[in-house]
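What follows is a short report on a single structure.
What follows draws every value from the coordinates through simple rules; no lab data is involved. Given the structure is predicted, the values throughout are model-derived calculations rather than measurements. Don't worry about glycine lacking a Cβ; one is built from the backbone with ideal geometry, like all the others, and counts go over all protein chains shown.
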Amino acid sequence: MGLGTKEMMAKRAAMELEPFAVINLGIGIPTLVADYIDESMHVMIHGENGLLGIGAAPVSGHEDPNIINAGGIPCTLVKGGSYFDSGMSFGMIRRGLIDITFLGALEVDEEGNLANWIVPGKTVPGMGGGMDLAQKAGRVVVLSMLTDKKGHSKIRRKCKLPITAKRCVDTIITDRAVFRFLDKKLVLTELFEGNTVEEILADTEAEVLVSEDIKIIESVK
Amino acid sequence: MIENTFHKIGTLDDAMKHIRDGVRLMVGGFGGVGSPPLLCKEIAERGIKDIVLISNDAGFPEVGIGPCVKAGQVSKMITTHIGSNPFAGKLMNEGLMDVEFIPQGTFYEQIRAGGMGLGGVLLDTGIDSEITDHMDRYDLDGHEYLIAPAITGDVAILYAKKADPYGNLIYDKTARCSNPIMATACKYVIVQTEEIVELGALDPDEIVTPGIYVDMIITGKGGEWTWAWEQKK
């Protein structure tokens, strides 16, 4: 059986990792990235709620209600993992000790600005730890659909929603293509199999350069 | 029988004498993990109102301090996130509850400043966002910082794994979260603990919160909730 769209995105995201990286996974698709990290990489997953070394999901029936990830889902702790208070947890983030944060997005724009914390008057979740992570992590990798449910581009010329952090995004992995910021320009670098450059550009509002060396990510059958 | 040497071991009724209408209340926990069930339940049942709630989030509708938010007992929240409790967003949008959002790392530094006797801290999280437009700025060696003032409270209600009669605390895994920080930043600190152990039974090297910060210790069952992940099973 092949991978679903979200799983394909998560698998591609895991390819961004280097051995011994410290990473943080946001809620939603970013959480799935953990499923594609090879143990031999010794990646340490950080949770804002005060743990470093998030491990696999526990076997059903063996959950410990006091071991959860920042999404409120039971998890486990790997060997070498630790617990600490929320202040220290954010000290790690603020000091730049998180190498990569994988985040969801409402909008990203061609300057690399990210909006993902509020839709005024509608959705008011609050930023949680999103501003700390977006502004302070070594790299921000956004995992998001290319367009919203109405088919509108989520990669815009300029964010319309209140921003989370300015010029913070490094890479955008969507359901159909991958973009990178290279020399402050947004560049289309990879296509998921079945998509063409023309189709992606047609559905992307932002001004995009196309890499001369564009790659195709093959579907997993 | 554990000796109540420091007169800190109390009952739920004793604890509730300190939690009155209009209280500026810090509640430990992250999505309810690390929140004290007995105290949350009692505040909901007694209908304490006009609470200024200082907590990481609004819990879930039936988890943590969430039911008090849902019931309209909170007039203002100082928090980082309310997305897990839809009633919080509804009350906010209807103008029935004031919500001050603070980036989570800043929130904890402000509380820590309060607990450490500082006037505030300098940091730059969110400096490009409109959420910090109201904050004063300070230039230090060419870098622009925000001035984040200390946050303190009247009462903290916290959750720990073990306490001794002096109020020395150790916590349980991710139920530690905001608890040790809030323990330092309120005039009166009440801890619900799983277990009270003899004085001397906690290894001094392993104590996370020294008892100097703790005013009352209670223990007991009641108010335990069903977690969101349990309901989905």
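Would you mind working out the magnitude of the charge dipole of region B:1-140 relative to its Cα centre, with +1 at each Lys and Arg C-beta and -1 at each Asp and Glu C-beta, to the nearest 20 Debye?
Charge dipole of region B:1-140: 520 debye, to the nearest 20.
Per-residue ellipticity at 222 nm for chain A, helices alone: DSSP H runs ≥ 4 residues times -39500 (n - 2.57), over residue total, nearest 500 deg cm²/dmol?
Counting only the DSSP helices, I get -4000 deg cm²/dmol.
Work out from phi, with θ = phi - 60° and the Karplus expression 6.51 cos²θ - 1.76 cosθ + 1.60, the ³J(HN,Hα) of each residue of region B:53-63, listed in order in whole Hz, and give x for Gly and Pro.
Using θ = phi - 60°, the values come out as 9, 10, 8, 3, 8, 9, x, 10, x, 10, 10 Hz.
Apply the Karplus curve 6.51 cos²θ - 1.76 cosθ + 1.60, θ = phi - 60°, to the phi angles in region B:6-14 and return the couplings in whole Hz, x for Gly and Pro.
Rounded to whole hertz, the list is 9, 6, 9, 7, x, 9, 4, 4, 4.
Give, in nm to one decimal, the length gained when the segment between B:Leu96 and B:Trp229 is fully stretched (0.36 nm per residue of separation minus the Cα-Cα distance).
Full-extension gain reported as 44.9 nm.
Kindly flag which residue pairs out of B:Lys41/B:Lys221; B:Lys162/B:Lys221; B:Lys8/B:Lys162; A:Lys149/B:Lys232 have an alpha-carbon separation exceeding 18 Å in this structure.
In this structure, A:Lys149/B:Lys232 lie more than 18 Å apart at Cα.
Note the per residue figure in Å³ for the convex hull of the C-alpha positions in the protein assembly as shown.
Given the Cα convex hull of the protein assembly as shown, per-residue volume reads 158 Å³.
What are the trypsin sites (Lys or Arg not before Pro) within region A:1-102 that DSSP puts in a loop, where the Cβ has at most 11 other Cβ atoms within 10 Å?
A:Arg95
Name the residues whose placed amide hydrogens come within less than 5 Å of the amide hydrogen of B:Lys49, ignoring near sequence neighbours (fewer than 5 apart) on the same chain.
Distant-sequence amide H within range of B:Lys49: B:Asp21, B:Gly22.
Please report the antiparallel percentage of the DSSP beta bridges confined to region A:5-217, to the nearest 5. Don't skip to the answer; put the middle values down first.
Details: 20 of 41 bridges.
Of all bridge pairs located within region A:5-217, approximately 50 percent are antiparallel.
In cubic angstrom, how much convex hull volume per residue do the alpha carbon atoms of region A:1-79 span?
Measuring per residue, one finds 106 Å³ for the Cα hull of region A:1-79.
Given labels modelled 7 Å from the Cα in the Cβ direction, how far is it in nm from A:Leu3 to A:Lys150?
Result for the modelled spin labels: 3.2 nm.
Using a Förster distance of 41 Å, how high is the FRET efficiency between B:Ile147 and A:Glu198, based on the Cβ-Cβ distance and rounded to 0.05?
The value I calculate is 0.20.
Mind checking the angle between helix A:5-14 and chain A's longest principal axis? C-alpha axes, 0 to 90 degrees, to the nearest 10.
70 degrees
Considering every Cα-Cα pair within region B:57-144, what fraction, in whole percent, is farther apart than 23 Å?
35 percent
Given chain B reduced to its alpha-carbon atoms as identical point scatterers, what log10 I(q)/I(0) does the Debye formula return at q = 0.07, 0.11, 0.14 Å⁻¹?
The Debye formula, applied to the Cα set alone, gives -0.23, -0.55, -0.87.
Could you list A:Ser40, B:Ser35, A:Ser211 in order of exposure, starting from the residue whose Cβ has the fewest other Cβ atoms within 10 Å?
A:Ser40, A:Ser211, B:Ser35
With +1 on each Lys and Arg Cβ and -1 on each Asp and Glu Cβ, how big is the dipole of region A:5-217 about its Cα centre, in debye rounded to the nearest 20? Intermediate results must be reported in sequence, preceding the final value.
Details: 23 positive and 29 negative charges, 144 e Å.
For this selection, approximately 700 debye.
If each residue of separation counts as 0.36 nm, what is the full-extension length gain between B:Lys221 and B:Arg137 once their alpha-carbon separation is subtracted?
Additional length available on full extension: 25.5 nm.
Give a residue-ordered list of calculated ³J(HN,Hα) values for region B:24-34 (Karplus: 6.51 cos²θ - 1.76 cosθ + 1.60, θ = phi - 60°; whole Hz; x for Gly, Pro).
8, 10, 8, 10, x, x, 9, x, x, 6, x
Quick check on chain B: helices-only [θ] at 222 nm, where DSSP H runs of length 4 and up contribute -39,500 (n - 2.57) each and the sum goes over total residues. Nearest 500, please.
Helices in chain B give a 222 nm mean residue ellipticity of -5000 deg cm²/dmol.
Under a cut-off of 17 Å between alpha-carbon atoms, report the lysines in cross-link reach of A:Lys136, not counting same-chain residues fewer than 8 places apart.
Cross-link targets: A:Lys166.
Between B:Cys40, B:Phe107, A:Val187, whose Cα lies farthest towards the positive end of the dipole of the protein assembly as shown when Lys and Arg beta carbons carry +1 and Asp and Glu beta carbons carry -1, centred on the Cα centre?
Result: B:Cys40, furthest along the dipole toward the positive end.
Angle check, please: helix B:104-115 long axis (alpha carbons) against the longest principal axis of chain B (alpha carbons), in degrees 0 to 90, nearest 10.
Tilt of helix B:104-115: around 60 degrees.
Along the charge dipole of region A:5-217, which of A:Ile172, A:Thr147, A:Leu114 sits closest to the positive end, that is, farthest toward it, with unit charges on the beta carbon of Lys, Arg, Asp and Glu (+1, +1, -1, -1)?
Working it through, the farthest residue towards the positive pole turns out to be A:Leu114.
If you count the DSSP beta bridges with both ends in region B:1-97, what percent of them are antiparallel, to the nearest 5?
20 percent
For chain B, which longest stretch is free of loop sites, where a loop site is one of the GluC sites (Glu not before Pro) that DSSP puts outside H, G, I, E and B and that has at most 14 other Cβ atoms within 10 Å?
B:95-197
Lys/Arg Cβ at +1, Asp/Glu Cβ at -1, dipole of region B:108-203 taken about the Cα centre: which of B:Asn168, B:Val121, B:Ile151 is farthest positive-ward?
B:Asn168
Return the long-range amide H neighbours of A:Glu190 (sequence gap of 5 or more, or a different chain), with a cut-off of under 5 Å between placed amide H atoms.
Here the answer is A:Val178, A:Lys215, since their amide H atoms fall under 5 Å of that of A:Glu190.
Quick check: convex hull over the Cα atoms of region A:5-217, volume per residue in Å³, rounded to an integer?
135 Å³
What are the residues whose amide H is under 5 Å from the amide H of A:Val142, where those residues sit 5 or more places off or on another chain and H is modelled from the backbone?
A:Leu103, A:Asp170, A:Thr171, A:Ile172, A:Ile173
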